[in-house]
Amino acid sequence: MCDLVARTGRHLQRYEDGRRLLAGCIPFRYRDINNETSNYERKKLVEVLMINSQSGPGLLFPKLLFASVHPAAHVTDHATCSVHKKLLGFYDFKSKQPEGMCRAAVFALHVKEELASWPEQSTRQRSWLTVPEAAERSRHPWMQEALVTGFSAWLENWRNGGVAAWMEAKDDDT
């Protein structure tokens with residue numbers, strides 16, 4: 001089990017080429033849904049987890065912690081401390097903070113268990129949404145892009161390749 005403490009302080013922050021480096025994730029799960037035309041056919045609905053912003057409307061991706069300077073390095077998830085990750089891409093955006101430009105490495109994370117207790121539960125709420133719902137409710141355009149182009153494209157490729165593609169993708173990230 002990991003410490004249930006959210007990162008605080010900019011002293012742990014990393015920079016590259018003048019951009020603040022961030023790591024975020026798109027946690028996803030499969031939820032069984034019954035096909036209305038057949039009692040025997042089960043389908044899986046993909047849902048992604050987003051959290052509310054503390055400073056305004058819209059939803060955000062959960063952040064990850066960097067374990068090294070490079071964004072594609074191993075990351076640790078606050079909720080489980082043990083994750084399977086797949087780098088979806090890098091997304092550049094302008095921050096409202098004085099440091100200006102940021103680069104976010106966004107990972108897909110398959111959630112198998114959701115913990116009842118988590119670091120910011122007193123100040124944030126979690127929401128499980130379909131990908132279109134999450135894109136519509138995202139606070140920032142780069143997050144919409146990450147959901148629609150990055151995550152959706154990866155998920156479609158993964159579905160077509162099955163478990164072997166997932167294992168190969170995991171090996172590529174380490």
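Which one is modelled with the lowest pLDDT, of the residues in segment 89-123 that are closer than 16 Å to CYS25 by Cα and basic (Lys, Arg)?
Residue satisfying both the conditions and the ranking: LYS112.
Mind checking which pairs have a first residue in segment 39-56 that is over 20 Å from ALA108 (Cβ atoms) and outside any strand (DSSP E or B) and a second that is of a type outside the set (Ser, Thr, Tyr) and at pLDDT 85 or above, Cβ under 6 Å, 6 or more apart or different chains?
Every condition considered, the pairs that remain are SER53/LEU60; SER53/ARG139.
Does PRO71 fit the bill of being at pLDDT below 80, open to solvent by less than 30 Å² (accessible area, probe 1.4 Å) and not acidic (Asp, Glu)?
yes
With the requirement that a residue be within 23 Å of the chain's Cα centre (by Cα), open to solvent by 80 Å² or more (accessible area, probe 1.4 Å) and modelled with pLDDT of 75 or more, what does segment 12-31 give you?
Across segment 12-31, the qualifying residues are ARG14, TYR15, ARG31.
All but one of (1) in contact (Cβ under 8 Å) with a residue 60 or more places away in the chain; (2) assigned to a loop (DSSP other than H, G, I, E, B) hold for ALA105; which doesn't?
So the condition that ALA105 fails would be (2).
So that you can scan it fast, the table gives a plain yes or no per residue for (1) surrounded by fewer than 17 Cβ atoms within 10 Å (Cβ to Cβ); (2) assigned to a helix (DSSP H, G or I); (3) modelled with pLDDT under 85:
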| site | (1), (2), (3) |
| --- | --- |
| ALA134 | no, yes, no |
| GLN144 | yes, yes, no |
| LEU147 | no, yes, no |
| GLY150 | no, yes, no |
| ALA153 | yes, yes, no |
| ASN157 | yes, yes, yes |
| GLY161 | yes, yes, yes |
| MET167 | yes, yes, yes |
| LYS170 | yes, yes, yes |
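The values are calculated or read from the model by the stated rules, or taken from the named source; none is laboratory data. Small disclaimer: the values here were computed from a predicted structure and weren't measured. Note: ideal-geometry Cβ built from the backbone for every residue, glycine included; neighbour counts use all protein chains shown. With ligands, DNA and RNA removed, areas are computed over all heavy atoms of the protein, side chains included. Shrake-Rupley method; radii C 1.70, N 1.55, O 1.52, S 1.80 Å.
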